[in-house]
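Accompanying notes for the structure given below.
The values are calculated or read from the model by the stated rules, or taken from the named source; none is laboratory data. Computed from a predicted model, the values in this text were never measured in an experiment. Every residue, glycine as well, gets a Cβ built from its backbone with ideal geometry; the counts of neighbours run over all protein chains shown. Ligands, DNA and RNA are stripped out before the accessible areas are found, and what is left, the full protein with its side chains, is counted by its heavy atoms. Shrake-Rupley method; radii C 1.70, N 1.55, O 1.52, S 1.80 Å.
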2 protein chains.
Amino acid sequence: MRCRRCRQPPVIELRRHNAAFCRDCFFHHVQEQVRRTVHDFRMIAPAERVLVAVSGGKDSLALWDLLLDLGYEADGLYLGLGIGEYSDASQEKVERFAAGRALPLRVVKLEAEGPGLGVPAVAAASRRAPCAACGTMKRHYFDAAAFTGGFDVLATGHNLDDEAARLLGNVLRWQKDHLARQRPVLPPTHPKFVRKVKPLYLTSEYETAVYAFMRGIDYIVDECPNAAGATQLLYKAALDRLEVESPGTKLAFVKEFLRTAQPAFAAVEQREPQECAGCGMPAYGALCSFCSLVREVETRRARTASPLPA
Amino acid sequence: MRCRRCRQPPVIELRRHNAAFCRDCFFHHVQEQVRRTVHDFRMIAPAERVLVAVSGGKDSLALWDLLLDLGYEADGLYLGLGIGEYSDASQEKVERFAAGRALPLRVVKLEAEGPGLGVPAVAAASRRAPCAACGTMKRHYFDAAAFTGGFDVLATGHNLDDEAARLLGNVLRWQKDHLARQRPVLPPTHPKFVRKVKPLYLTSEYETAVYAFMRGIDYIVDECPNAAGATQLLYKAALDRLEVESPGTKLAFVKEFLRTAQPAFAAVEQREPQECAGCGMPAYGALCSFCSLVREVETRRARTASPLPA
């Protein structure tokens, strides 16, 4: 096999593309794939300001790198989730990446913000799975940072494998609400929301990992310690096995969903958000899900701290 | 753990039901499950005549046994597919089952019918996967036997695992036409079709296997030799792993599909079938898919048999 583009000896083979690439042509392949995704789904207009959510992992750092390469003005946003050493190590990776390239980085540490609650504390007090608590917290701080920073677009590093696994999970229980919102671009439904985009939507985890490695990006390799046993990883493993037998399974699953099935689910009536009585961000009830969660944690803590009735 | 129903020591544990049963109560559990499925989906009215498609495997023989137990008048239909020793051995199992209980059995051997074509010959000449050729052939002979025999209902032994695997396959490529028709009851769309039902729709493969074994049903244990490497088995394996981690996954997948998502797909415009110019059975083109396949085989054979041009 030779590089599909320049016919030189290849360094990587991509079975789902039935192609091999040399190093430079692999960079070109990933960049073109992301450029086309951004263009075809109208993710980012040329002059728009982008906030990239960076975790320190391969996907989000590769995404930041790619968006800059494509000529976008993109600031980084790192959320310190308070997950012990894992959070410390990932923050260091992000800061080193930004410093080495002189990039603007915003750091928000959950424990230093309003209610002073990191993910482990919220999960423990609310008796939620850590990943569920983390999702609610992250969404809130992403939205708030994008809005207060005056950005046009919030970009996240979800890759094809993430999307396929999430789709499988949503499909196994036919969660219509989630299926209705599972798209590479979410237009804002409220003036305090910005557009959310996933430029790596059609780029596999393998591609982003190799890209990050070959570009010399120093990322955190460890999985979040809370992810062990997460159902998301089970779904990924199931899809990985199907992909080995039939390369292209994940891409077809995600692409055909968008083309064929998603419109039916998206037709489900969408409610208009109001403003949260707690934080002022958009909410589908009196409180947004972040403020509900925080209140739940505070109520439970107050109950535990108060003396037992005599 | 004790038997959920009578508190005696159990012989079987069903994780997805979070229950254990003794032998008699397990029979009662399966019978009730099938009775409720037949009732809730209005599969068979009391006086209707049922034709049960029996392959010699555990599911179809258990189904025949269960339908008789539930008081239905049910004849068996065995199709001789012409798959060598496998077909001979499965026919023997079916004939012995019917003879031992003095049940009416119809045997149709494909190689003795009209075009005289068994599955291997059709698959080879049409260059189709054997399972694809087999599906088309079986559907035709099932439909024709049910219609000419004056039956009201055709019942097949598809179990929960079959349906979940088929659903996963259809969902991975979002095959809307297939999703629109994947239901436990298919009402006839033409006077020459009869209603098709799957009474084991919510009964797992494990349940039917244990049921058949405990009822002393002698069934063919070997898989069809053509099934090796079939994608259906890959999907089953993927779902088996998810079921182990989260018992009830398959049931929720299939049940929620029916409740939540299937109506959206079924709303897709359904065409009315005409009559096939070849065999007179319903067809969506000038020829039904069976006659198209037979014509393809005959054309290819004629071409091969004719002398080379000089």
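Just to verify a result, which residue in the stretch B:155-173, among those that are among the polar types (S, T, N, Q) and in contact (Cβ under 8 Å) with a residue 40 or more places away in the chain, is farthest from the other protein chains (Cβ to nearest Cβ)?
The residue in question is B:T156.
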The stretch A:240-276, subset more than 23 Å from the chain's Cα centre (by Cα) and surrounded by 17 or more Cβ atoms within 10 Å (Cβ to Cβ), residue nearest to the other protein chains (Cβ to nearest Cβ): A:A264
Complete set of residues in the stretch B:131-149 that are farther than 15 Å from B:S289 by Cα and in a helix (DSSP H, G or I): B:A145, B:A146, B:F147, B:T148
Within the stretch A:203-218, considering residues that are assigned to a loop (DSSP other than H, G, I, E, B) and open to solvent by 20 Å² or more (accessible area, probe 1.4 Å), the one nearest to B:L251 (Cα to Cα): A:D218
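One line per residue, one yes/no per condition, for (1) at pLDDT 95 or above; (2) under 17 Å from B:T203 (Cβ atoms):
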| position | (1), (2) |
| --- | --- |
| B:V30 | yes, yes |
| B:D40 | yes, yes |
| B:A53 | yes, yes |
| B:L77 | yes, no |
| B:G84 | no, no |
| B:A89 | yes, no |
Selection count, the stretch A:4-26, where residues are open to solvent by less than 100 Å² (accessible area, probe 1.4 Å) and either part of a helix (DSSP H, G or I) or of a type in the set (F, W, Y) (or both): 5
Complete set of residues in the stretch A:117-130 that are open to solvent by 20 Å² or more (accessible area, probe 1.4 Å) and in a loop (DSSP other than H, G, I, E, B): A:R127, A:R128, A:A129
Set B:H39, B:H29: member being more than 30 Å from B:A133 (Cα to Cα) and surrounded by 19 or more Cβ atoms within 10 Å (Cβ to Cβ): B:H29
All positions within the stretch B:42-63 that are part of a helix (DSSP H, G or I) and under 12 Å from the mean Cα position of the chain (by Cα): B:K58, B:D59, B:S60, B:L61, B:L63
Residues satisfying the stated conditions in the stretch B:158-173, i.e. open to solvent by less than 10 Å² (accessible area, probe 1.4 Å) and not in a helix (DSSP H, G or I): B:N159
Identity of the residue in the stretch B:225-239, within 11 Å of B:P130 (Cβ to Cβ) and within 12 Å of another protein chain (Cβ to nearest Cβ), that ends up surrounded by the fewest Cβ atoms within 10 Å (Cβ to Cβ): B:G229
The listed residue being touching a helix residue (DSSP H, G or I) at 6+ places or on another chain (Cβ under 6 Å) and of a type in the set (G, A, S), out of B:A89, B:A47, B:A53, B:A20: B:A53
For A:L200: the one exception among (1) touching an Asp or Glu at 6+ places or on another chain (Cβ under 8 Å); (2) open to solvent by 40 Å² or more (accessible area, probe 1.4 Å); (3) among the hydrophobic types (A, V, I, L, M, F, W, C): (2)
Looking only at the stretch A:174-191, and only at residues there that are open to solvent by 30 Å² or more (accessible area, probe 1.4 Å) and polar (S, T, N, Q), the one that is nearest to the other protein chains (Cβ to nearest Cβ): A:Q175
Some residue of the stretch A:225-235 being under 29 Å from B:T231 (Cα atoms) and modelled with pLDDT of 95 or more: yes
Exclusive hit being more than 14 Å from chain B (Cβ to nearest Cβ), surrounded by fewer than 15 Cβ atoms within 10 Å (Cβ to Cβ) and among the β-branched types (V, I, T), set A:V194, A:V221: A:V221
Selection status of A:G114, surrounded by 23 or more Cβ atoms within 10 Å (Cβ to Cβ) and either more than 17 Å from the chain's Cα centre (by Cα) or part of a loop (DSSP other than H, G, I, E, B) (or both): no
Criterion violated by B:G278 - all others in (1) under 29 Å from B:L67 (Cβ atoms); (2) in contact with a helix residue (DSSP H, G or I) (Cβ under 9 Å, 6 or more places away or on another chain); (3) part of a loop (DSSP other than H, G, I, E, B) satisfied: (1)
